[in-house]
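Engineer: Handing you this structure, nothing more for now.
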Amino acid sequence: MASQPTPPIVVLTDNVVEDEIKHHSPSDTCQKNESIDERSLCEAIIKDQNLTDQVLDYEFVYASRRIDLNGDGLNEIIVWSPTRDLGGTSGYPIIIFSQTANGYRKLWNIDQAWTPILILKSKSHGWRDVAFQFGGGGVDWRYYVLRHNGKSYEVHKEQKQQPKGELLIDKDWNQSVFGPIASQ
């Protein structure tokens, strides 16, 4: 997903009529995807985030990358959704999916996270470790390193320094006086 400039902060006043506010349907966003596979992934994300029948104030956006995390020859999908309605200064959701014959199955998620998202060379139970940045909203910045416990990913450790690994989703946010703001 190409980085776009951060939109200006809009302050609503009493003069604003409800009909003038833009509303966005995540389902409509999914239908714009040309690929059936990408449409299916988009729909899995909105289902996981309980957005199926929602109307959002901001456009539904996400970045996804496919990578084989467990060495079985099939790619898992890591998603970061910096949709303003889904987060704030503490971050936005990261979800890890596996693709099945019936669609997508969630393997792990966290509601508040920042990029970059990295895939590490280290493994646990045959699954590659994953790292991402966490902080904001009054919480000191650090990286969480996820390890697989045989059933799911879990936070293994926190560290101040960015771990060395393959960059999967680059930093896609800007610091402001209010804290981090996702680029949209």
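Coordinate-derived values only; no laboratory data. Computed from a predicted structure; not experimentally measured. Backbone-built Cβ (ideal geometry, glycine too); neighbour counts: all protein chains shown.
Engineer: Bin all alpha-carbon pair distances of the range 22-171 at 5 Å intervals from 0 and give each bin's fraction as a whole percent.
Structural biologist: 2, 9, 19, 22, 20, 15, 9, 4, 0, 0
Engineer: To continue, here is another question. Compute the label zone of ILE67 within the range 109-139: residues whose backbone N is under 18 Å from the point 7 Å along Cα-to-Cβ.
Structural biologist: It comes to 109-110, 113-134, nothing else.
Engineer: Roughly speaking, what is the stretch gain from HIS23 to THR100, that is 0.36 nm per residue apart minus the C-alpha to C-alpha distance, in nm to one decimal?
Structural biologist: 24.5 nm
Engineer: Measure off 7 Å from each Cα along the Cα-to-Cβ vector at ASP57 and SER40, then give the distance between these two points in nanometres to one decimal.
Structural biologist: 3.5 nm
Engineer: Moving on. If you take every residue apart from ARG147 with its C-beta less than 11 Å away from the C-beta of ARG147, what net charge results, scoring Lys and Arg +1 and Asp and Glu -1?
Structural biologist: Residues near ARG147 contribute +1 overall.
Engineer: Work through the residues other than ILE96 whose Cβ is under 14 Å from its Cβ and net out their charges, Lys, Arg +1 and Asp, Glu -1. Write down the numbers at each step before the final one.
Structural biologist: Numbers: positive: ARG65, ARG66, ARG105, LYS106, ARG128, ARG147, LYS151; negative: ASP48, ASP68, GLU76, ASP111, ASP129, GLU154.
Net charge in that neighbourhood comes out at +1.
Engineer: While we're here: Compute the signed sum of charges (Lys and Arg +1, Asp and Glu -1) over the other residues within less than 10 Å, Cβ to Cβ, of HIS125. Intermediate results must be reported in sequence, preceding the final value.
Structural biologist: On the way: positive: LYS123, ARG147, LYS151; negative: none.
Local net charge: +3.
Engineer: Any chance you could check the Cα centroid distance between the range 35-77 and the range 91-110 for me, in angstrom?
Structural biologist: Going from one Cα centre to the other spans 7 Å.
Engineer: How would you rank LEU168, LEU69, going from fewest to most other Cβ atoms within 10 Å of each one's own Cβ?
Structural biologist: Taking fewest neighbouring Cβ atoms as first place, the list is LEU168, LEU69.
Engineer: Taking the Cα centre of the range 43-180 as the origin, how large is its charge dipole in debye, to the nearest 20, when only Lys and Arg (+1) and Asp and Glu (-1) carry charge on their Cβ atoms? All intermediate terms of the calculation are to be shown ahead of the outcome.
Structural biologist: Working: 16 positive and 17 negative charges, 128 e Å.
That gives a dipole near 620 debye.
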